[in-house]
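Engineer: One structure is given below, represented as structure tokens, and several questions about it will come after.
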Amino acid sequence: MRHQVQSVPFGYKPPAAEKNRGTLIFYDTFEHTSDAELDAAMLCAEKLTFTKMVLYPLHEETVRRMMKEPVSALYKREKRLLEWMEEHEGTGRVPVVMEGWESKRKKYTPIDTTLRFVTEKYASPYFLYVTPDMANLFASFASFEEWIVKIRLVLSEEPAASRLHPKLQQYSHRWQVS
């Protein structure tokens, strides 16, 4: 086998391997999410060295079908998230993106369709940042076992052991608390 000679300038150092990788997807209604909770998600993204944090607000129809609770209009929740993003822009932190796919669809979007879309668009590995209630809801869906092997869950707070879904208990090695 022939060797190829490469010439490099004096003092050349190869580029360092990228330390940051992956995407943290904050999947929530953002109806009752405070700035402190958004800051906690940002801190988690920094601590786990992600390249990007994606805010994924749910459409009213998705919330109505999934949770059966009233929620304000999507554009109002998006406006508040945009204000939070502007406050944290340029601080040298993990870049934050708000995914507007549900506002374009304007209808119910199942979580497996959402995850398929997000995994095609953003860099892997994927971590889904959710509240314990949303994690229990996700675990109750039929597609949970298919997706839990492809993504990891990051819970915003410690769930009550008595309220933990059996599938979450079964896959306890695939989730962590931030």
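Engineer: Could you give the size of the charge dipole of the chain about its Cα centre, using +1 on the Cβ of each K and R and -1 on the Cβ of each D and E, expressed in debye and rounded to the nearest 20? Don't jump to the answer; show the numbers that get you there.
Structural biologist: Numbers: 25 positive and 24 negative charges, 157 e Å.
Dipole magnitude for the chain comes out near 760 debye.
Engineer: Out of every Cα pair in the chain, what percent are spaced more than 28 Å from each other?
Structural biologist: Tail of the P(r) past 28 Å holds 28 percent of the pairs.
Engineer: Could you give me D for the stretch 86-178, from Stokes-Einstein at 20 °C and 1.002 mPa s, where the hydrodynamic radius is the Kirkwood radius over C-alpha pairs? Units µm² s⁻¹, please.
Structural biologist: Result for D is 145 µm²/s.
Engineer: Sticking with this structure for a sec: In whole angstrom, how far apart do the alpha carbon centroids of the stretch 130-161 and the stretch 10-64 sit?
Structural biologist: 17
Each value in this text was obtained by applying a stated rule to the coordinates, not by laboratory testing. In this text, all values refer to a predicted model and were calculated from it rather than measured experimentally. For neighbour counting, all protein chains shown are included, and Cβ atoms are generated from backbone atoms with ideal geometry for every residue, glycine included.
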